[in-house]
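The values are calculated or read from the model by the stated rules, or taken from the named source; none is laboratory data. Being a predicted model, the structure only gives us computed values, none of them experimental. Ideal geometry is used to build each Cβ from the backbone, glycine not excepted, and the neighbour counts take in all protein chains shown.
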Amino acid sequence: MSTVIFLRHKTLGQNSIEELAASLQQGISQVILKTFPAPSTNIWGMLKNIAFAIKHAGEVNHLAAPVESYVLPFIRGKKIVTWHDVSTALQSRSRLKKFLRFNVSMRWPMRYADFIVAISESTRRELESIYPQGVAKIRVIPNSYNRLFTYTPARSAFEMHPPVILHIGTAKRKNLERVIPALEGINCILRIVGRLSADQTLLLDKHQISFTQESDVSLERIIELYRESDIISFPSLYEGFGMPIIEAGAIGRPVVSSRAGAIPEIAQDSVCYVDPKDISSIRSGFLRVIHEENYRKELIEKGRLNAQRYSPTHMCSAYADLYESLSR
């Protein structure tokens, strides 16, 4: 049985879905990865991707993200689409673009999918609310951290060096605009992964934050950044899953996060929860994790235990069973 995982057209700064697909290829035999050659921003790119999918389709075809779901009606074999979230996948300031994304990515092509995978119960509920016809097709398979994320002991105290706080993502929902003022006056170093807007750069200067920034980093560099950090900043406004939670758990770092979207489902009691819309709450969360060593150690241990639920073995086994069910 040949299984082809189709990956979205590569965009700078987007690596998480590609890493998940690589884990599936490593953990499941006869899995082939194919990357769409063009962005789905115009009809010519879409036609090029349809021709690519027709040429490379296998017995089982798995779209690792829903952006190119419009290829489903045109390809042979069994078909699976994984949805990582709904709100960000369909968001746009233009009502016309929202309408087209919903219909081109979901309503029309989803009828051709044999299974729709949601990466969390939260995402499943979102899918069911906007696509009730597909309820019977939906399966929940959580993401996993990469095998290279292994436990590395953290510093126990910060007397000699200020804590390093790692913040991954600069999109609006990642809430960097509130994290920055929350850290004003706290002796720390903020490491940011993602491209900074002009407004974000001004905020960093205004609040006199000591920071570093880099974007489109490799998996190896991401792991290095986790290991060099002391605290993970993740007070998001919305998440369909929340990869930094389980990656931090696997490495052994405490997380300051929110109760938005799927985060409580994924994190359970392993993070320091704050109100993501309240700067003072975010600040209090960081200060508690910095100054209360026993609390910090408790979060690390809970995070390590929680991460075990999201091992690559669990994810690969679940997808292997799904692929196998389609080949019978």
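Quick one: in the range 119-150, of everything that is in contact (Cβ under 8 Å) with a residue 40 or more places away in the chain and acidic (Asp, Glu), which residue is surrounded by the most Cβ atoms within 10 Å (Cβ to Cβ)?
Going residue by residue through the range 119-150, those that are in contact (Cβ under 8 Å) with a residue 40 or more places away in the chain are 119-123, 126-127, 130, 139, 141-150.
Narrowing the set further to residues that are acidic (Asp, Glu) leaves 121, 126.
Details: GLU121: 13, GLU126: 21.
If we take residues in the range 119-150 being in contact (Cβ under 8 Å) with a residue 40 or more places away in the chain and acidic (Asp, Glu), then GLU126 is surrounded by the most Cβ atoms within 10 Å (Cβ to Cβ).
Tell me the residue from SER236, SER257 that is hydroxyl-bearing (Ser, Thr, Tyr), closer than 18 Å to GLU298 by Cβ and under 15 Å from the mean Cα position of the chain (by Cα), please.
SER257
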Odd one out for SER156 among (1) within 18 Å of TYR295 (Cα to Cα); (2) at pLDDT 95 or above
(2)
Restricting attention to the range 285-328, and to residues there that are outside any helix (DSSP H, G or I) and among the charged types (D, E, K, R), which single residue is nearest to GLU247 (Cα to Cα)?
GLU292
Which residues, taken from the range 165-180, are in contact (Cβ under 8 Å) with a residue 60 or more places away in the chain and polar (S, T, N, Q)?
ASN175
Could you run through the range 10-68 and say how many residues are assigned to a loop (DSSP other than H, G, I, E, B), touching a residue at least 24 places away in the same chain (Cβ under 8 Å) and more than 18 Å from the chain's Cα centre (by Cα)?
10
Inside the range 266-284, can you point out the residues that are in contact with a Pro (Cβ under 9 Å, 6 or more places away or on another chain) and either at pLDDT below 95 or part of a helix (DSSP H, G or I) (or both)?
ILE266, ILE279, SER281, ILE282, ARG283
Failed item, numbered, when THR170 is tested on (1) more than 17 Å from GLU239 (Cα to Cα); (2) in a loop (DSSP other than H, G, I, E, B):
(1)
Could you look through the range 69-109, keep only residues that are part of a helix (DSSP H, G or I) and at pLDDT 90 or above, and pick out the one that is surrounded by the fewest Cβ atoms within 10 Å (Cβ to Cβ)?
PRO73
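When you scan the range 222-240, do you find a residue that is outside any loop (DSSP other than H, G, I, E, B), in contact (Cβ under 8 Å) with a residue 12 or more places away in the chain, more than 19 Å from PRO163 (Cα to Cα) and not hydroxyl-bearing (Ser, Thr, Tyr), even just one? Lay out the reasoning, then the answer.
Of all residues in the range 222-240, those outside any loop (DSSP other than H, G, I, E, B) come to 222-228, 231-234.
Imposing the further condition that a residue be in contact (Cβ under 8 Å) with a residue 12 or more places away in the chain reduces the set to 222-223, 225-228, 231-234.
Subsequent filtering for residues that are more than 19 Å from PRO163 (Cα to Cα) retains none.
Among the residues of the range 222-240, not one is outside any loop (DSSP other than H, G, I, E, B), in contact (Cβ under 8 Å) with a residue 12 or more places away in the chain, more than 19 Å from PRO163 (Cα to Cα) and not hydroxyl-bearing (Ser, Thr, Tyr), which makes the answer no.
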Count of residues meeting criterion [in contact with a Phe, Trp or Tyr (Cβ under 9 Å, 6 or more places away or on another chain), in contact (Cβ under 8 Å) with a residue 40 or more places away in the chain and part of a helix (DSSP H, G or I)] in the range 181-221:
1
Test ILE246 against the stated conditions and say whether it is among the β-branched types (Val, Ile, Thr), in contact (Cβ under 8 Å) with a residue 40 or more places away in the chain and in a helix (DSSP H, G or I).
yes
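Surrounded by fewer than 21 Cβ atoms within 10 Å (Cβ to Cβ), touching a strand residue (DSSP E or B) at 6+ places or on another chain (Cβ under 9 Å) and modelled with pLDDT of 95 or more: which single residue out of ARG288, ARG253 fits that description?
On the way: ARG253 fails: surrounded by fewer than 21 Cβ atoms within 10 Å (Cβ to Cβ).
None of the other options fit; the residue is ARG288.
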Please pick out the residue among PRO153, PRO162 that is touching a residue at least 24 places away in the same chain (Cβ under 8 Å), more than 23 Å from SER218 (Cα to Cα) and not β-branched (Val, Ile, Thr).
PRO162
